[in-house]
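The values are calculated or read from the model by the stated rules, or taken from the named source; none is laboratory data. Note that the structure is a prediction, hence the values are computed from the model and not measured. Here the Cβ positions follow ideal geometry from the backbone for every residue, glycine too, while neighbour counts run over all protein chains shown.
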Amino acid sequence: MTTREIPIAPRTLIVLCGTAGAGKSTFAGRHFELTQVVSSDTCRALICDGDRTQNVDPDLFDLFHFLIQKRLKLGRLTVADSTALYDFARRRLLDLAREADYHTCLLVFNVPRAVCLQRDQQRARHVGEAEICLQDTLLQEALLHIPHEPWEQIHVLSETDTEVRFHWQTSS
């Protein structure tokens, strides 16, 4: 297995994209400081104690985008951890980066549906098979559109891409 090296310039917004169970949060926890990661799951927990109720989504994403915007304003490395499967969700994150004069890096977790379903069964709070299947369909569609989106860097990772190293550049 080879190590994938990803160069990260100062003032970069790193966006994680993929289905539930793809390993985004685990990856973020391995590679970044806890304070650098803005997680939609954490925002949901802050608003409604972790309940999976969907009617809180507008509020949770208001908080998610607010926290990202504040970190970018302060010049902090920021990792956006959500599914980011819809083009409007990715576009909103691109807009936040552009407004803050930030570089952009999209990490797409293209992990087989069966792996995501298995991982979901091991979680305390299950997302469920129907939702993961829907998200996987959205991911496959997103993979067709993402190459045409204005990301400075796009990296598609599979479940075997465990050796990723970030190369922190000193100037942009």
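Of the helices (runs of 4 or more DSSP H) lying entirely inside the stretch 3-110, those carrying at least 3 residues that are free of Cβ contacts under 8 Å to residues at least 60 places away in the same chain, over 25 Å from THR137 (Cβ atoms) and in contact with a strand residue (DSSP E or B) (Cβ under 7 Å, 6 or more places away or on another chain) are 57-73. Scanning the stretch 113-172 for residues that are within 28 Å of LEU77 (Cα to Cα) and either basic (Lys, Arg) or touching a Pro at 6+ places or on another chain (Cβ under 9 Å) (or both) turns up GLN153, ILE154, SER158, GLU159, ARG165, PHE166, HIS167, TRP168, GLN169, THR170, SER171, SER172.
Here is a yes/no grid of residues against (1) part of a helix (DSSP H, G or I); (2) at pLDDT 95 or above; (3) at positive phi; (4) not aliphatic (A, V, I, L, M):
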residue	(1), (2), (3), (4)
GLU131	yes, no, no, yes
THR137	yes, yes, no, yes
PRO147	yes, yes, no, yes
TRP151	no, yes, no, yes
ILE154	no, yes, no, no
THR162	no, no, no, yes
SER171	no, no, no, yes
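Within the stretch 9-21, restricting attention to residues that are touching a Leu at 6+ places or on another chain (Cβ under 9 Å) and either basic (Lys, Arg) or at pLDDT below 95 (or both), the residue that is surrounded by the most Cβ atoms within 10 Å (Cβ to Cβ) is GLY21.
If the condition is being assigned to a helix (DSSP H, G or I) and touching a residue at least 40 places away in the same chain (Cβ under 8 Å), then the stretch 114-129 contributes VAL115, CYS116, LEU117, GLN118, ARG119, ASP120.
Can you find even one residue in the stretch 77-85 that is surrounded by fewer than 14 Cβ atoms within 10 Å (Cβ to Cβ) and more than 19 Å from ARG4 (Cβ to Cβ)? No, the stretch 77-85 contains no residue that is surrounded by fewer than 14 Cβ atoms within 10 Å (Cβ to Cβ) and more than 19 Å from ARG4 (Cβ to Cβ).
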